[in-house]
Amino acid sequence: MTVRTLFDRCRAFQARMPLAGFFSHSTAAVLHGLSLPKALEGDSRVHVSVVAPTRAPRGEGVVGHRVDARPSVVLVADLQVANPVAAWCQTTA
C-alpha cells in the first residue's frame, strides 16, 4: 500500500474516530515512514487504538486495538498518530 493511499484512508476514518482514538501499529509506522517487518508489509488495514475501557473500533478494513495506557501521540498531517517509538514497538510485539 502506498503512503498516499493510507493517508487518504486514515482521513476518511478520522470522521468516525473515537474521541480519544489514534492511529497505531503498522498504520502509525507507515505514516511515520518506518520500515515494517516482512510479515506486516502486505497489511492494508487501518489500525486504530483506544484506551481501555473504551471499546475498540470496528469496521471493514479497520483493526481496533484497546490499550491500557495511551502513548504520547503526535500529529502527522493533522492525524493523531502514536509516536514513532510506540509504533515501532507495536509492530514488533
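The values are calculated or read from the model by the stated rules, or taken from the named source; none is laboratory data. The shown structure was predicted, so the numbers you read here are calculated from the model rather than taken from an experiment. FYI the Cβ positions are ideal-geometry reconstructions off the backbone, even for glycines, and counts take in every protein chain you see.
A single entry from Ala56, Ala93, Ala52 fulfils the requirement of being closer than 16 Å to Ala29 by Cα and not basic (Lys, Arg): Ala93.
Listed here are the residues, each with its yes/no results for (1) surrounded by fewer than 18 Cβ atoms within 10 Å (Cβ to Cβ); (2) modelled with pLDDT under 95; (3) at positive phi; (4) not basic (Lys, Arg).
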{"residue": "Thr5", "(1), (2), (3), (4)": "yes, yes, no, yes"}
{"residue": "Arg16", "(1), (2), (3), (4)": "yes, yes, no, no"}
{"residue": "Ala20", "(1), (2), (3), (4)": "yes, yes, no, yes"}
{"residue": "Lys38", "(1), (2), (3), (4)": "yes, yes, no, no"}
{"residue": "Val46", "(1), (2), (3), (4)": "no, no, no, yes"}
{"residue": "Gly61", "(1), (2), (3), (4)": "yes, yes, yes, yes"}
{"residue": "Arg66", "(1), (2), (3), (4)": "yes, no, no, no"}
{"residue": "Ala77", "(1), (2), (3), (4)": "yes, yes, yes, yes"}
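How about the range 22-36: which of its residues are at pLDDT 95 or above and of a type in the set (Ser, Thr, Tyr)? Across the range 22-36, the qualifying residues are Ser24, Ser26, Thr27. Determine, yes or no, whether Ala39 is closer than 21 Å to Cys89 by Cα, without any contact (Cβ under 8 Å) to a residue 24 or more places away in the chain and over 10 Å from the mean Cα position of the chain (by Cα). In short, yes. The residue list Ala56, Ala20 contains one member that is touching a Lys or Arg at 6+ places or on another chain (Cβ under 8 Å), free of Cβ contacts under 8 Å to residues at least 24 places away in the same chain and part of a loop (DSSP other than H, G, I, E, B), which is Ala56.
Quick one: would you say Ser49 is within 13 Å of Val81 (Cβ to Cβ), outside any helix (DSSP H, G or I) and in contact (Cβ under 8 Å) with a residue 12 or more places away in the chain? In short, yes.
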